[in-house]
Structures are given as C-alpha cells and as structure tokens.
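Have a look at the structure below before the remarks.
The values are calculated or read from the model by the stated rules, or taken from the named source; none is laboratory data. The structure presented is a predicted model; accordingly, all values stated were derived computationally and were not measured. In this analysis, Cβ positions are derived from the backbone assuming ideal geometry, glycine residues included, and neighbour counts consider all displayed protein chains. Ligands, DNA and RNA are excluded from the accessible area calculation, which covers all protein heavy atoms including side chains. Shrake-Rupley method; radii C 1.70, N 1.55, O 1.52, S 1.80 Å.
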Amino acid sequence: MDSRMRVPAIAVAAAAVLSFSTAATAFADPAVVGYPNSIAATGDSITQAFDADGSYGAQAQYSWSTGTDSTVQSFYERIVGADPGIGGNAFNDSVTGANMVDLGGQVATAISQHAQEVTILMGANDVCTSSEATMTPVSTFHSQLAEAMKTLSHGLPNARNYVAHSTSADQLCSALLNHTSAQVTRASGPKRQ
C-alpha cells in the first residue's frame, strides 16, 4: 500500500484514540491519587512483546505495560519500584493478532480483574494490512474504540486508563509486512471477515 494513503488513515485513527482517551474519566471520582494496586494490559502482539528477544512467540516479560524484565522498565515495574503493593497484580490480557473489534472482550476481562490501571495499545492490525481495502474503516475503528471505552468507564469508573499508539505506523507496518515471524503469525492467526 502506498504510504501516502496509510498515513492519513493512521492519523485519523490516532486522533480517534486520543479523543476517547479522556472519555473514560467522565464518571470517575475527581481525586484518584496514589499508585494503583493492579494493572491490566489490553492490546495486540505489541503488548504481548511478540518476538521481542528474537525468539518466535509472545514474550510477555518484555511487555511495555506489564513486563517483569527490568531491562524494559514497563509501567508495572516502575509502579512496583515506587509502591511494592502492586506486586503480583499485573494482568496481560492482550492477544496477538487482535484488532480493535477485540478490545471490548479484553476490557471486560480487565473489569473482571478489578484493575485500577488499564493500558490500551491497539490498532496495528487494523491498519497494517496488505491494502487500504482490507484496513478497518475509520468509522468502524472509531465506534469500536468508543464502545470499549464506554464499557471500561462504566465497569471501572475510577480506573486510570492509558491509551497509547505506535509512534511510527509506517515503520511498524513495514516491519510487520516484511518480517518472517510476523508473516508466519499472520498466516496462523485469527482470520478476519
């Protein structure tokens, strides 16, 4: 796909993500202070740290959100360093190959875990496809994210929610489309309609 077509779609998707990042706090108490006692990560293979150490497969210990390997300095590890009370209360609910449509199920899992902080990094599989025609339409992406954020804000009204996105979608898509492990994973992963 022409990178000129991919960048506007990614910019719109990123804007949608950012516009909903504050929606989850709409029902929260005004002053939630201190460190969370639990964290749940939602997302796709990026949050799973798939192939992070060069070996095929999920490497959750290297997750940017809930990883336990000290070289990563994940959110979880930084919180543990400041408040050991969170120790052992990290849940990585992300799924390799997940699309935005899958976020609702992951959010439901985070709600059942009573997470006080929820991280979301989702969308790479929606935009890193073989052509623009197979990308998740922006309006669909937007509505799926909005519904998941609504579910999260109602289910965990006082949770802190951190919504992230890939900083360089073109570079990420290029890596995903050309990396052998990524190709094998896509071939064996869930099939989308």
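Worth pointing out:
- Put simply, when 93-105, 52-64, 137-149 are sorted by average Cβ atoms within 10 angstrom per residue, most first, you get 93-105, 137-149, 52-64.
- The magnitude of the dipole of region 42-162, with charges of +1 and -1 set on the Cβ of Lys/Arg and Asp/Glu and taken from the Cα centre, is near 320 debye.
- Taking a sphere under 15 Å around the Cβ of residue 39 and counting the other residues whose Cβ falls inside, with K and R at +1 and D and E at -1, yields a net charge of -2.
- Taking a ≥ b ≥ c as the square roots of the eigenvalues of the alpha-carbon gyration tensor, region 37-106 is classed oblate because a/c is 1.5 or more while a/b is no larger than b/c.
- The label point for residue 143 and the one for residue 70, both projected 7 Å from the Cα toward the Cβ, are 4.9 nm apart.
- Protein-only accessible surface order, largest first, of 134, 42 at 1.4 Å: 134, 42
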